[in-house]
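No lab work stands behind these numbers, since they all come straight from the coordinates. In this text the structure is predicted, and so the values were computed from the model without any measurement. Cβ sites come from the backbone with ideal geometry, for glycine too, and all protein chains shown count toward neighbours.
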Amino acid sequence: MIAIYARQSIEKKDSISIESQIEYAKREVFNEEFKIYQDSGYSGKNTNRPAFHQMMEDVKNGRIQKVVVYRLDRISRSILDFADFINILESNQISFVSATEKFDTSTPMGRAMLYIIVVFAQLERETIAERVRDNYYSRVRKGAWGGGPAAFGFDLVKTTVDGKKATICQPNEKIEVVRRIFELYSKPYTSLADVQRQLIRDGVSSSGGVNFDNVKLSSILKNPAYVQADVAIYNFYKSKGAIMANEPDDFDGIHGCILVGKRDASERKYKDVSQHLLAISHHEGIVDSSTFLFCQQKLSNNRQIKNAYKGKYSWLTGLVKCGHCGYSFSVRFGNTKDGRIPYFTCSGKYLHKVCTAKQTHRVREVENEVQARLIEHSSTYHLAHQHTEDTVSKEYQQKMLELDSKIENLLLTLESVSNISAEYINRRIETLHHEKQLLMHRYNESITEYNIAEVEPFTAADWENMDIEEKRTLARSMIQEVILSETGIDVRFKLKKGIQNP
């Protein structure tokens, strides 16, 4: 029996259809029995195709005496795959015919010619792929959308960029949902789950009418399409290893960005942006850079913590340590006249047998004590933060004004100096401009780091309205550890992170 094989990647006006391929192949079949194998919608970059696999099974089982195709590249554009195919045919004493390329596979010259044709077919495929890839990145570098669906809250519209047709982003009515997501998550002790619950309460859904989950929310929060990109954003992504398509001066604090690159399949929630291309887009951002960077830091902390410290019996799980052996306390239950009561018990004593201290602490009593100290600490902490931020912000602003004044004076001097002096002054201006950029970057980094630990004052009523996840997140943002011993409870708060002086 003769096998006729046909393949077509996609249907295009300038490509030959599967039906036409079969008609060409039938010219090599006379009065012999034949069977048609066809793969529609499959690329020639490899041989992972159902009909092709079925044909090869029939070849190995001795049902086929000859294979006929319209052209060699219908089998594969890979020289290795094609060589394997020919070797299998030869080992089973099966001939191979191309209807438009006459080759005799029984001779060395015929086989050599086959391989040469396949080499050029593979070269053609790789050249086309490289050309498509270069064109893709060229569009992105000019601020046009590279391809694929638009980010949530945007529509894709056709326009002209540098005299060429291009696609850009345009915000739609859902962009207010994105603004709301950033607003909620930028609160110091709000988790992704909190944002999800609030959106559900507000009756807000994602694309397709389904509720937002953590993956969708984190995808939106880390997308630079929404940020008003300034030099702080430039430095942030540059430090992450991204390829910057624009100079720092192009980051004007108005327009959003486009970030493209191959995603690691294992990195679904938090994408590694190294070797990704970041370009300034034509659309305007909706989130200021400080808020965006604060959200990135929170997402990064979530990644590091992952699912640790998720005890379901106390919001203090993971923070409580033994004052004698240093091991963590876990929650166990004891039966008393008041019922089944949770206790903090030392892991060093009950698990590792290294602690000899005799101490028991009721979970609710420890939580009440720590809660009271948290409420008191939040008030003094906030006042210290406000004073420090206001003072140091003024210092940064003053320093940047001084740099601007120096640059302006040098620009005025350029009008009345020689060429040699002008060259020196230009270098000095460039140095001062770079110094200003670094100063702005330091300020934004410091603000971001400081805001991580910033906590608004809260009351006992506020605390009671929080669920266990909210309490845990807030406690971990303020507390380094809680030490329990026979003498009492020692709550050790994290050091306040101040803004670095310029």
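Couplings 3J(HN,Hα) of the stretch 230-241, computed from phi: 10, 5, 5, 5, 4, 5, 4, 6, 5, 5, 7, x Hz, in residue order, whole Hz [Karplus 6.51 cos²θ - 1.76 cosθ + 1.60, θ = phi - 60°; x for Gly and Pro]. The simple Förster model, with R0 at 41 Å and r as the Cβ-Cβ distance, assigns N214 and E435 a FRET efficiency of 0.50. Legend: residue pairs K222/K494; K142/K216; K240/K471, Cα-Cα distance threshold 30 Å; pairs beyond threshold, K240/K471.
Applying a DSSP loop filter and a limit of 14 other Cβ atoms within 10 Å to the GluC sites (Glu not before Pro) in the stretch 155-216 leaves E173.
When both bridge partners sit in the stretch 181-304, DSSP labels roughly 60% of those beta bridges antiparallel.
Could you work out the relative contact order of the stretch 181-304? I mean the mean sequence separation of Cα pairs under 8 Å and 6+ apart, divided by the number of residues, in percent. Over the stretch 181-304, the number comes to 28 percent.
With neighbour counts taken as other beta-carbon atoms within 10 Å, the residues I280, I468 rank, fewest first, as I468, I280. Averaging the Cα positions of each part gives two centres, and for the stretch 224-242 and the stretch 45-93 these lie 50 Å apart.
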